[in-house]
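Here is the structure we will look at.
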Amino acid sequence: VVSRRQLATIGVTRYDIAREVRRGRWRLLGRQTVAIHRGPLVAQAWWRRALWEVGCHARIDGSTALSAAGMEGYDDGIHLGVPHGSTPVRVSGVVVHELRSWSESDTVGRSGLRSTRTALATLHAAMWAGTERQAALVIVMAVQQRLTTGAALMGTIADFKRLRRRALITGVVHDAADGVQSLGELDVARECRRRGLPEPSRQAVRRGYRGRAYLDVFYDDFGLVVEIEGAHHDQPLNAVDDSLRQNELSIEEATVLRIPVLGWRTDVDTFMNQVERALRARGWTRP
């Protein structure tokens, strides 16, 4: 795909374009964009078309900028950012966000495309996501795929005066970077008190297959263990250790419920309902 301006620089006039379109060799993708073939278009072609059609100040942003930076497995359409107060052209299939905190210093070049720097694009993607679950997911994916870091995200959060989903985004950034080790078990205890569930033992010590093992949350009287799993649990060797420890606990007739911190941020009620059901199944009754 090329723009009319690019074609003009090599001597192709609007009459030449009209002739090629009429003969079925080329096709128009808007007022400014021409596809000089009739085949399917790759994602990068649609991004270029979006930038040319919306206007010269636009840059790809949010999940689109993350995809341009190499993110895999996440797609929620084409997102562009423009300065607040500008008059962007509205284009079908493109979501345009007018940004009050616009700074040209946040623009980087990727393969000839104007793009938002990765840390800022990650936060924008979380703000613009359709659900809180999607917001948490895109942050974790950006960190796990090494497109940005928890430190870079925290530094960028500090620049926001108003940040939609600030509590969720800040918490997930901490979790993705493993910044708060004791977050999970403290939150579980607080949630148990709020729901009227029995108070668990926190950081209980048991003899494991490699010596002492620390359990995040343990209900001694009911043989129930609740494990809070941060981002580091996704690493292969840690997953092996987790499985071995869970097997040992199961042999000792303890039931293990596993709650990823990401799940705690996005679906706490469902996980705590499971904890309550497990306690009831083991003899607990509400006073």
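Figures for the structure shown
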| read-out | value |
| --- | --- |
| Cβ-derived FRET efficiency at R0 25 Å, Ala45 paired with Arg146, nearest 0.05 | 0.40 |
| The stretch 26-179, dipole about Cα centre (Lys/Arg Cβ +1, Asp/Glu Cβ -1), debye to the nearest 20 | 480 debye |
| Contour excess over end-to-end distance, with Cα ends at Ser92 and Phe160 and 0.36 nm allotted per residue | 21.5 nm |
| Spin-label model distance (nm) - Ile36 vs Tyr15, 7 Å beyond Cα toward Cβ | 2.0 nm |
| Student exercise, the stretch 17-115 dipole from Lys, Arg, Asp, Glu Cβ charges, in Debye to nearest 20 | 800 debye |
| Around Glu132: net Lys/Arg minus Asp/Glu count, Cβ-Cβ under 11 Å | +3 |
| Largest to smallest accessible area among His84, His124 [probe 1.4 Å] | His84, His124 |
| Relative packing of 189-197, 164-172, which averages over residues the other C-beta atoms within 10 Å, highest first | 164-172, 189-197 |
| Local electrostatic count at Leu51 - Lys and Arg +1, Asp and Glu -1, tallied over other residues with Cβ under 9 Å | +3 |
| Environment charge of Arg25, counting only residues whose C-beta is closer than 12 Å and scoring Lys/Arg +1, Asp/Glu -1 | +3 |
| Per-selection metrics, the stretch 101-155 (Cα): Rg and Dmax in Å | 11.6, 32 |
| Percent carbon-and-sulfur accessible area, the stretch 6-89, ignoring ligands, DNA and RNA, probe 1.4 Å | 53 percent |
| Euclidean distance between Cα centres, the stretch 111-143 to the stretch 1-68, Å | 25 Å |
| Whole-Å semi-axes of the stretch 1-85's equivalent ellipsoid (Cα gyration tensor) | 27, 16, 9 |
| Estimated inter-spin distance, Tyr74 and Arg282, nm [label 7 Å along Cα→Cβ] | 3.5 nm |
| For Leu99, distant residues with modelled amide H under 5 Å away | Val82, His84 |
| Amide hydrogen neighbours beyond the local backbone of Val217, cut-off 5 Å, H modeled | Gln203, Val226, Ile228 |
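The values are calculated or read from the model by the stated rules, or taken from the named source; none is laboratory data. What you see is a predicted model; the values in this text were computed from it and never measured. With ideal geometry, Cβ positions are generated from the backbone for all residues, glycine too; neighbour counts draw on all protein chains shown. Each accessible area value is taken on the protein alone, full model and side chains, heavy atoms only, with ligands, DNA and RNA left out. Shrake-Rupley method; radii C 1.70, N 1.55, O 1.52, S 1.80 Å.
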